[in-house]
Each structure stands twice: as C-alpha cells, then as structure tokens.
Amino acid sequence: MSEPMVKAEAVHKRFGRNEVLKGITLEVAAGEVMCLLGPSGSGKSTFLRCINHLEKINSGRIWVDGDLVGYSQRGDKLHEMRESDVAGEREQIGMVFQRFNLFGHMTAEQNIIEAPIRVAGTKRDVAKAEAKVLMDRVGLGDRLDAYPAQLSGGQQQRVAIARALAMKPKLMLFDEPTSALDPELVGEVLDVMRALAADGMTMVVVTHETGFAKEVGDTVVFMDDGVVVESGDPASVFDNPQHKRTQAFLSKVL
Amino acid sequence: MADAEQPPEPAAAAVAPEEIKAVPVRRPGRLIAGVLIIIVAAALVRSVATNPRFGWGTVGEYLFSPVVLDGLLKTIELTIIAMVVGILIGVILAVMRLSPNPIVVAASGFYIWLFRGTPVLVQLLFWNFIAALYPVVALGIPFGPALVEFNANNLITPFVAALLGLGLNEGAYMSEIVRAGLLSVDEGQEEAAKALGMRRMQTMRRIILPQAMRVIIPPTGNETIGMLKTTSLVSVLAYTELLYAVQLIYAANYKQIPLLIVASIWYLVLTTILSIGQYFIERHYGRGTARAIPPTLLMRIWQSFSTWRHTEVPVPEQRHGL
Ligand SMILES: Nc1ncnc2c1ncn2[C@@H]1O[C@H](COP(=O)(O)OP(=O)(O)OP(=O)(O)O)[C@@H](O)[C@H]1O
Ligand SMILES: [Mg+2]
C-alpha cells in the first residue's frame, strides 16, 4: 500500500475553551471515498476545514499526500507556513460547501476559470476550454453564461463542484453538499459525486445521505462529540453498529 | 377508452383572459394638490423671469465666459482627484480596519477620528498654512539623515493644499463606506476563494471588493456630489475654482446675484450628470443579482406622468446577463 492521501494523527481543535476535536486519528487512502457521519455539533465540518487549514489545529498532525498541512517540520521544530505556501497546499484540495459559495458577481464560466487563471497560471483560452468540459461533465454545458442567482440550488452546487475540479485537485472535501437542497434536487448532485468517485477521486464527504454513504462510501466514520466513535466499511457500520451512540444516531436517521 | 378513466389534465385556459377595463377611482385630493403646485410654480417662474435684479442678461453673458469655464474645469479636476485620493485612502483604511494586527487597526481608527472630528474648512486652512508648521519637508530615513528637502511654501501650492484637505478628509468618510461594503459580503465567498488557493490580496481584489461595490457605490455617488459642492470651500485658499472665479468677477462689477446664479447653474449641471452616471455604474455592479435596480428619481417622475396619460410605463432596461 502506498502512502495515504490524508493522515490525521491525534488532531485537537479548540475554539476558546470549547474543545471541538478531541483527538481525531484516521487515514484516507488514495482513491478512497470516506463518509463522515455524526450528530450536529460533533465537529465534522471543523475537521474537514482543518484538512485544508481553513482552521488551525491546536495539536496533532495532518498530512495530505505526505505533506504536513499548514506547517513545515525542520529538525524537531514546527514552523508555521507562509500564507502563500498554505495557499499552494490548498490548490491541491478541492472543497465543496453546504451553501455552494459561488462567486455571485461572476458567471458559471468565470467562477470556474478564476482560480486556474489567477492561481495556477493557466492560459485563458485553455481554462475556458477546460471549463466547458467540466460543465459538460456536471450536465450544465449550456449554462456557462448563467450567473449563480439564475441557477437552481442543485445547478449551483454542480457548478461549485466543477469549480473545485478545475484546479485538478488530488483530494475533494464535501461539507454536506446536499443539505441546503430541495429533496428533488439532491439526486442530481449525488449523481455527479458518484461519477467522480467512480473516476477514482479521493473524497471525504460529510453527509446525512446514508443511502449515498452505503452505496458509494468505501469507509464510513461515525463522529460524536469530537471523537471518532466507530469506523469501518458501510455494511458493518450501518447494519451492525457496535457502539451505543452509533446505534442511537442511526436509529434516528435511517 | 382509457382516457375517460383518468382525471383530465389541468389545461391552460384556451382563450386569453379578457383585459380589465374599469373606470379608475376619482382622486380629487390629488388633482387639487397638483393644481395648487402648478399655480405656485407659475407665480415663481413669473417673478424670476420678470424681476430685473436677477439679471438674466448678465447670467447669459458670463455663463460661458473663459474665466467661468476655467473655474468650472478646475472644480471638476479638484472633485475627481480628491475623490480618487479619498477612495484610495478609504479602501486602505477599511482594509487596515479588518487587519489582525491591533496597531494597524488603531492607526486606522486614529486617522478616522482625527479627520472626521474636525471641520474640513479648518483642515483646508491648516494645509494652506502648513509651511508655518514645517517650513522644510524632508524625505529620508526616519530619525536619520534627510535625502531630499523641499521648501514647503513651494511644495504646498493652493491646489496641493486643496487636494490634501479634501482628499484626506474624504478618505475618512470613504473608509466607513468601504468597510460597510466589505462586511456586507458573505464570509463564504472568502472561504471559497481561500479553498481554491487564492491569496489574501487576490481574494480581496477579485472576489470581495467587486461584490462590496454594490453596497459602496450608492453612498460614494452621494459623496462625489457632496465633494463637488465642498470644493467651493477652496475659494478661501484663493484657488480659482468655480466659486472663486465668479467671486473675482463680481468683486469687479458688483453683479453678485447673476454671477452666483451662473455658478449655481454649473453646479446643477454637474450634479445632474453625476446622478445619471451613478445609475449606470450601479447597474454595472448589480450584475448577477436577481434584484432589479430601482429607477432614478427622474425616471419615476417620468413614469408617473406617463401613467397619467395612460401610456405604456417605461420599464428600466434589463441588466446584461439576463
Ligand atoms: N468558528 C467557530 N468559532 C467558535 N465555535 C465554533 C466555530 N466553528 C464551530 N464551532 C463550534 O464547534 C462545534 C462543532 O461544530 P461543527 O460545525 O464542526 O459541527 P458539525 O459536526 O459540522 O455539525 P453540523 O452537522 O451541524 O454541521 C460546535 O459546537 C460549534 O459551535
Ligand atoms: Mg457542519
């Protein structure tokens, strides 16, 4: 087995006095789809945001593809990374938000080509051609010129996925990508994610869609109160949960 | 037939519904108010036109005189440069205000406190007399040797004093406007930009500021119109902008009223042009929002007149992108 795509070791995160992550240790292999489940406030989003250093962790270590996130180790000393180096690490990690967060003043195409042009230095016409391919891939090849406000929630989320993919990330983080959607729009976003997983993308998905987790997830991790309570392949966690808290949670959502 | 068992499809009405033609409600109050206002306006116009002391002949004579036009140009120039200076300082101060460094935040707060807390006229005079305070302006290493030295009297011409006074003061006001704009942009926008690997300044320039513009532009338009009029204070520095230009003329010919009318006409022309420009700029920065931009005052008046005449109401043109 090669190096894991994500490796978290005893990750702690505090907001003031409130300890939100209390020692998370886990690994995501390349090409794996890991689904994070857990009750509200258990720290799922916070952990996801620590993976691309949107939140600074208080102790522990996170590596993405072998590189320490947010710090560099020289000798036995840990050095904080410069902002541009952190940004460089983030380029490789795509993130999809619950509330889409498309740039409201830009068309779908402009949303997608912005980072490739400004950050990765891609030529404009190349970036545009790639945007077209990506929009076709998420089934919106004819909506390149639409502004986010003119798109449905499901369409916005698909553009947001295309935008993240435009940076050719090696890892994709999804934070409840379908929670803000009307029920009839959930399917179209999950379809795109399913296709992405089938293409071999490494994905960490915070979701309440147990159906998706069962079908697409390679691993399911159940978090509660800042710790990993239980993890394993979907069949065993869903059908035969060992821990009381998992059982209680699943009996509510299933 | 199988069709017979199924409930009928709800079909759209086959015939277009008949347009309602009702007798409108009588509104006598509106009519009376309208007539009264027209009578008063007519009386005013008559008095303005027939009172010889308005000196309309003199107004016509000086409206396009070279001295007035030169003053007008200087007023426009001052307005534009002072606003550019003000906006730049405002953006810098607003970004400083949001900095994680407390000293930077405090510096920005002090600037705003100082420049908002004193009258701009006093500031203008201060800059005018700055040479008394610092006769020599030197550039060099702080607390170390000077590299270049200027005589402040040569450096601070009335024009420079005017720009410093107006621009630095405007910066303090603009910073509050810009800050409100920056705070109006959803945090998720910055998050998304960061997650894509965009740098802090890129995120500010490409993502946050353009969206903050929607909130920043309308009050900035008002500030510009305010600035246009505030430039008249510069007349105390003997800088020949529009007001000082007409003052020079009436100091010689004693026709104060007609010349003040000349100045007022030009101020009105400029503010009207600015209001129209503001509408189009707002429309540009409103792109991507579902909300239509409300029509300007002029458009609203036009609209209500056209409804009176039972003609088509002009709808503001669609924003591009729709
Ligand atoms: N920026 C912040 N400042 C202070 N507290 C925070 C911050 N972000 C999150 N928290 C707290 O951390 C805890 C975990 O939040 P988090 O968003 O990670 O939970 P979650 O598992 O994603 O929940 P949900 O399912 O509701 O999204 C919560 O108690 C929350 O109030
Ligand atoms: Mg969350």
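The values are calculated or read from the model by the stated rules, or taken from the named source; none is laboratory data. The model shown is predicted, which means the values in this text are computed figures rather than measured ones. Backbone-built Cβ (ideal geometry, glycine too); neighbour counts: all protein chains shown. Accessible surface areas use protein heavy atoms only, side chains included; no ligands, DNA or RNA. Shrake-Rupley method; radii C 1.70, N 1.55, O 1.52, S 1.80 Å.
Could you tell me whether the stretch A:167-178 includes any residue that is assigned to a loop (DSSP other than H, G, I, E, B), modelled with pLDDT of 95 or more, more than 16 Å from ligand 2 (Cβ to nearest atom) and aliphatic (A, V, I, L, M)?
So far as the stretch A:167-178 goes, yes, one or more of its residues are assigned to a loop (DSSP other than H, G, I, E, B), modelled with pLDDT of 95 or more, more than 16 Å from ligand 2 (Cβ to nearest atom) and aliphatic (A, V, I, L, M).
Consider B:ILE265 against the criteria (1) open to solvent by 40 Å² or more (accessible area, probe 1.4 Å); (2) more than 10 Å from every other protein chain (Cβ to nearest Cβ); (3) in contact with a Ser or Thr (Cβ under 9 Å, 6 or more places away or on another chain): it satisfies all of them except one. Which criterion is unmet?
The number of the failed condition is (3).
Any residue in the stretch A:195-213 that is closer than 30 Å to A:ARG118 by Cβ, away from ligand 1 (no atom under 16 Å from the Cβ), open to solvent by 10 Å² or more (accessible area, probe 1.4 Å) and part of a helix (DSSP H, G or I)? Don't jump to the end; show me each part of the working.
As a first pass, look at the stretch A:195-213 and keep what is closer than 30 Å to A:ARG118 by Cβ: A:195-197, A:199-206.
Then keep just the ones that are away from ligand 1 (no atom under 16 Å from the Cβ); that gives A:195-197, A:199-203.
Pick out the ones that are also open to solvent by 10 Å² or more (accessible area, probe 1.4 Å) and you get A:195, A:197, A:199-201.
In the following step, the residues that additionally are part of a helix (DSSP H, G or I) were identified as A:195, A:197.
Yes: the stretch A:195-213 contains one or more residues that are closer than 30 Å to A:ARG118 by Cβ, away from ligand 1 (no atom under 16 Å from the Cβ), open to solvent by 10 Å² or more (accessible area, probe 1.4 Å) and part of a helix (DSSP H, G or I).
Does any residue in the stretch B:95-121 that is without any contact (Cβ under 8 Å) to a residue 24 or more places away in the chain come within less than 7 Å, Cβ to Cβ, of a residue that is assigned to a helix (DSSP H, G or I) and open to solvent by 70 Å² or more (accessible area, probe 1.4 Å) six or more places away or on a different chain, and which pairs are these?
Every condition considered, the pairs that remain are B:VAL105/B:ARG97.
Among the residues of the stretch A:110-121, how many are in a loop (DSSP other than H, G, I, E, B) and buried (at least 19 other Cβ atoms within 10 Å of the Cβ)?
So the first thing to find is which residues in the stretch A:110-121 are in a loop (DSSP other than H, G, I, E, B), and the list is A:119-121.
If we keep only those that are buried (at least 19 other Cβ atoms within 10 Å of the Cβ) too, we end up with A:119.
So the answer is 1.
Being within 16 Å of ligand 2 (Cβ to nearest atom), more than 14 Å from chain B (Cβ to nearest Cβ) and out of contact with any Cys (no Cβ under 6 Å at 6 or more places or on another chain) narrows it down to one of A:LEU181, A:LEU190, so name that one.
Among A:LEU181, A:LEU190, only A:LEU181 is within 16 Å of ligand 2 (Cβ to nearest atom), more than 14 Å from chain B (Cβ to nearest Cβ) and out of contact with any Cys (no Cβ under 6 Å at 6 or more places or on another chain).
For A:GLY154, which of the numbered conditions (1) crowded, with 20+ Cβ neighbours inside 10 Å; (2) farther than 25 Å from A:ARG90 by Cβ; (3) within 12 Å of chain B (Cβ to nearest Cβ) fails to hold?
The one condition A:GLY154 does not meet is (3).
Which residue pairs have Cβ atoms closer than 7 Å, lie 6 or more positions apart in sequence or on different chains, and pair a first residue in the stretch A:42-63 that is within 12 Å of ligand 1 (Cβ to nearest atom) with a second residue that is polar (S, T, N, Q)?
What qualifies is A:GLU55/A:THR46.
Take the residues of the stretch A:231-254 that are open to solvent by less than 70 Å² (accessible area, probe 1.4 Å) and within 20 Å of the chain's Cα centre (by Cα): which is nearest to A:VAL28 (Cα to Cα)? Lay out the reasoning, then the answer.
Of the residues in the stretch A:231-254, the ones open to solvent by less than 70 Å² (accessible area, probe 1.4 Å) are A:232, A:234-238, A:241, A:246, A:248-250, A:253.
Imposing the further condition that a residue be within 20 Å of the chain's Cα centre (by Cα) reduces the set to A:232, A:234.
On the way: A:GLY232: 12, A:PRO234: 15 Å.
My answer is A:GLY232.
Name the helices (runs of 4 or more DSSP H) wholly within the stretch B:60-135 that hold at least 2 residues that are out of contact with any Lys or Arg (no Cβ under 6 Å at 6 or more places or on another chain) and closer than 30 Å to B:ARG200 by Cβ?
Values: elements: B:66-97, B:102-116, B:120-128, B:130-133.
Here the list reads B:66-97, B:102-116.
I need the full set of residues from the stretch A:61-101 which are touching a Leu at 6+ places or on another chain (Cβ under 9 Å) and of a type in the set (Val, Ile, Thr), in order please.
Answer for the stretch A:61-101, where residues must be touching a Leu at 6+ places or on another chain (Cβ under 9 Å) and of a type in the set (Val, Ile, Thr): A:ILE62, A:VAL64, A:ILE93, A:VAL96.
Here's a check for you: in the stretch A:110-123, which residue that is in contact with a helix residue (DSSP H, G or I) (Cβ under 6 Å, 6 or more places away or on another chain) and farther than 24 Å from A:ASP175 by Cβ is nearest to the other protein chains (Cβ to nearest Cβ)?
That would be A:ILE117.
Can you tell which of A:VAL204, A:VAL159 is within 14 Å of chain B (Cβ to nearest Cβ), β-branched (Val, Ile, Thr) and out of contact with any helix residue (DSSP H, G or I) (no Cβ under 6 Å at 6 or more places or on another chain)?
Values: A:VAL159 fails: out of contact with any helix residue (DSSP H, G or I) (no Cβ under 6 Å at 6 or more places or on another chain).
Among A:VAL204, A:VAL159, only A:VAL204 is within 14 Å of chain B (Cβ to nearest Cβ), β-branched (Val, Ile, Thr) and out of contact with any helix residue (DSSP H, G or I) (no Cβ under 6 Å at 6 or more places or on another chain).
What number of residues within the stretch A:214-240 satisfy the criterion of being among the hydroxyl-bearing types (Ser, Thr, Tyr) and assigned to a helix (DSSP H, G or I)? Reasoning before the result, please.
Of the stretch A:214-240, the ones among the hydroxyl-bearing types (Ser, Thr, Tyr) are A:219, A:231, A:236.
Those left that are additionally assigned to a helix (DSSP H, G or I): A:236.
Summing the residues that are among the hydroxyl-bearing types (Ser, Thr, Tyr) and assigned to a helix (DSSP H, G or I) in the stretch A:214-240 gives 1.
Where in the stretch B:145-245 are there helices (runs of 4 or more DSSP H), lying fully within it, with 2 or more residues that are among the acidic types (Asp, Glu) and buried (at least 16 other Cβ atoms within 10 Å of the Cβ)? Break it down into steps so the answer makes sense when it comes.
Working: elements: B:152-155, B:158-184, B:187-195, B:209-230.
By residue number, B:158-184, B:187-195.
So which residues in the stretch A:57-71 are within 27 Å of A:ASN18 (Cα to Cα) and small (Gly, Ala, Ser), if there are any at all? Step through it out loud before you land on a result.
Keep residues of the stretch A:57-71 that are within 27 Å of A:ASN18 (Cα to Cα), which gives A:57-64, A:68-71.
Answer for the stretch A:57-71, where residues must be within 27 Å of A:ASN18 (Cα to Cα) and small (Gly, Ala, Ser): A:SER59, A:GLY60, A:GLY70.
Mind counting the residues in the stretch A:172-189 that are buried (at least 21 other Cβ atoms within 10 Å of the Cβ) and away from ligand 1 (no atom under 16 Å from the Cβ)?
Summing the residues that are buried (at least 21 other Cβ atoms within 10 Å of the Cβ) and away from ligand 1 (no atom under 16 Å from the Cβ) in the stretch A:172-189 gives 2.
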